[in-house]
Structure formats: structure tokens, C-alpha cells
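A short write-up of the structure that comes next.
No value in this document is a laboratory result; all are computed from the given coordinates. Everything numeric here is computed off the predicted structure, so don't read it as measured data. Virtual Cβ from ideal backbone geometry, glycine too; neighbours counted across all protein chains shown.
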Amino acid sequence: LDFKILGTGSATPQLERNPSAFVVGLDNFSLLIDCGEGTQFQFLKYKIKSSRLKYILISHLHGDHYFGLIGLISSFNLNKRSDSLTIFGPPGLDELITLQLKLSNTQLNFKINFFATNPASPELIYDNDVFSIHTFPLKHRIPCVGIKITQKESKRKIITEKIPSDFPISFFKLLKDGFDVKDELTGKIYKNSEYTTLGQPPKSIAYCSDTIFDTSIVEHIFQVNLLYHEATFSEDNTLRATQTFHSTAIQAATIASKAKVDQLIIGHYSSRYKTISHFLEEAKTVFSATVLAEEGDSYLI
Ligand SMILES: [Zn+2]
Ligand SMILES: [Zn+2]
């Protein structure tokens, strides 16, 4: 499970920071969380493979989180994408995209599956054998959701050195699924405990942007391995953070501490800050395992 940062800015454009966009890599595919203006240029800069991108999640409809979406979709089309794309986003996002495509007379070569998120209550929005996606309400000026992506525990791993050369291939799956297997021809029993070890434990990432300081989200992100929480302001602007439904670095760190997460990444910095090192100093007074979001950085869990 891999988390790559493509944007650390907020609201108004900044020359040195791009708006929110994050790529989560899982096995052989990836998800994009938020798609601020210019995200497709960040794809080029950091060599993100768009062919691996299967899912896009948009947290809310402030421009710094989705203005890059129509550009990305249009370029996928020009590049002859044929694989379907699944987009989760606030109600109304599908209408926005459909209208833009209709008025530019664009016929897509690929199918978009759109699912509306629910900003009012927590939901499991996607679930398969490999991973699941949960959303939960964030308190912001417009409807907004937080996102938790969980990579499930992997199947048991076979100890290949112990497997004899005449071992039937069809038995591998049964062993991985946790069964003991009996070879009817030889009568030999392959005990699961002898021939396999535990798979990878489940891993999770949570994304909370944008939000006022709100401890009610703690239960939804409890003990995740990696938490991205917005820190638009530092301590000098606590009042402004509350007025604009954003958080400070210390507030983000407080959430991380209460949720007992392994690591916190803070980002979504306001354009008023030319340097941000004090964000880290402030956050670390509350939660030491904090890092600053820097564009191009990746975190492997
Ligand atoms: Zn924002
Ligand atoms: Zn916002």
C-alpha cells in the first residue's frame, strides 16, 4: 500500500504548490484521491501510470479538490483509454462532468461508473477481496467526506522450499485459502500449518481534507497506519481556521494522537505561508510521528 503526494496547496493558486491530489497504489492498480487543477501535469511530472488508475475519489466540490477532473478525463480519452473508470464523489459531480462532456460534444471511448458519496453518515462504499473504501462525514463549509482505504489481510503464503516437485498445482489455491490438502493418489496429507505462513496483515490509510477540528471523526480513523489530515493554518490563525472550517497543525496532531495512528502527514497549506517548517514544530509538540506533506513524496506501508 503506497501513498503518493501530488499536491500540498489549498484554495488560491500557488506557484510552488499544487492543489490536492494523492495517488494510492495497491497491487497492480491505483486510486486517485482528489484531483485539483493541474493534476494531469503532476501525473506527467511524477510518471504516474494512468493505465493503472481505476478509481477516483473526490472529497468535496471546492475547486482545489476537483477542478482537474475534466482535464484528466479528457486526456485519458485523447490517449485512447478503453478501460472503465469508477468515480466516487459528492452528489452533482456526475452532472457537472456529463454537462462539460455534452457541451464539448465529447464521446468517451471508455465507460465512467459514478457513485455518489453520502456526506451525512458513514458508509462502506466499496468492498472486494483486495480492499475496501469507507467514507465518513467531515464538517466543512459544504458537504465533504473523509476517506479510509483498507488493504485486506493477504492470503496465506506458501513455503515453496517445502513443496515437493510432484505437488499438484491445483492444491496451491487450497493451501493459500487455509485448508489442509490430501493427495488421494499418494495418501499424503499437506497440513496447512506446515506448508504455509501468515499473509500480510491488513493496512489502512485515512484522508481528512477539508475539515474543522472535529473529534467525532476519531472513531472512523482509529489506529490507521497512515493519516493525512489537513493543516491549512498554524497556531497564529486558530480563529481563522475555525471561521473557515479548516484545521491547524496542532489540531491535526490532536486528532492523530486521539486516533492512535502510526503516522500523520499534514498538508493543504494556506497560500499565506511562504515557509511551513513551523507547522511541523507545532504538530510535533502533540504528536511526534508527524511529517510535512511534500509534493512527489511517497509513503510505503
Ligand atoms: Zn481545500
Ligand atoms: Zn474545501
message: Whole-Hz ³J(HN,Hα) for each residue in segment 58-75, computed from phi via Karplus 6.51 cos²θ - 1.76 cosθ + 1.60 with θ = phi - 60°, x for glycine and proline: what do you get?
response: 10, 6, 6, 9, 6, x, 5, 10, 8, 5, x, 5, 5, x, 5, 4, 4, 5
- line: Quick note, segment 123-249: a/c under 1.5 would make it rounded; otherwise a/b > b/c is prolate and the rest oblate (a ≥ b ≥ c, C-alpha gyration tensor); here it is prolate
The chain - charge dipole about Cα centre, Lys and Arg +1 at Cβ, Asp and Glu -1, debye rounded to 20: 520
field: ³J(HN,Hα) computed for each position of segment 250-265 - Karplus, 6.51 cos²θ - 1.76 cosθ + 1.60, integer Hz, glycine/proline x
entry: 5, 5, 4, 5, 5, 4, 4, 5, 5, 7, 6, 7, 6, 9, 10, 10
message: Rounded, prolate or oblate for segment 1-153? Axes are the square roots of the Cα gyration tensor eigenvalues, ordered a ≥ b ≥ c, and the cut-off for rounded is a/c under 1.5.
response: rounded
- request: Multiply the residue gap between S271 and S298 by 0.36 nm, knock off their C-alpha separation, and tell me the result in nm, one decimal place.
  value: 7.4 nm
- prompt: In whole Å, how far is the Cα centre of segment 239-289 from that of segment 79-104?
  reply: 33
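Could you pull out the trypsin sites (Lys or Arg not before Pro) across segment 167-214 that fall in loop regions by DSSP (anything but H, G, I, E, B) with no more than 15 other Cβ atoms inside 10 Å? Before the final figure, lay out the partial values.
Working: sites: K173, K176, K182, K188, K191, K203; in loops: K188, K191.
Taking segment 167-214 and a limit of 15 other Cβ atoms within 10 Å, the loop trypsin sites (Lys or Arg not before Pro) found are K188, K191.
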- request: Give the range of the longest stretch in the chain that excludes all GluC sites (Glu not before Pro) found in loop regions by DSSP and having at most 16 other beta-carbon atoms within 10 Å.
  value: 17-152
- prompt: How much length is gained on full extension from T242 to K139, taking 0.36 nm per residue of separation minus their Cα-Cα distance?
  reply: 36.0 nm
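To the nearest 0.05, how large is the calculated FRET efficiency for F172 and I112 if R₀ is 35 Å and r is the Cβ-Cβ distance?
Taking R0 as 35 Å, the efficiency between F172 and I112 is 0.40.
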Other-chain or far-sequence residues with amide H under 5 Å of K139's (modelled H): I212
field: Of K4/K203; K45/K148; K80/K111; K45/K111; K258/K284; K139/K274, those spanning more than 18 Å from alpha-carbon to alpha-carbon
entry: K45/K148; K45/K111; K139/K274
message: Quick query: amide H of E37 versus all other amide H atoms, modeled in the peptide plane; which residues come in under 5 Å with a sequence gap of 5 or more or a different chain?
response: Y66, F67, G68
- line: For K155, the aspartates and glutamates lying under 16 Å Cα to Cα, once residues fewer than eight places off in the same chain are dropped, come out as D27, D129, D177, D180, E194
statement: Going residue by residue through segment 98-115, the Karplus relation 6.51 cos²θ - 1.76 cosθ + 1.60 with θ = phi - 60° gives ³J(HN,Hα) values, rounded to whole Hz and with x marking Gly or Pro, of 4, 5, 4, 5, 5, 6, 9, 6, 9, 9, 6, 7, 10, 8, 10, 9, 10, 10
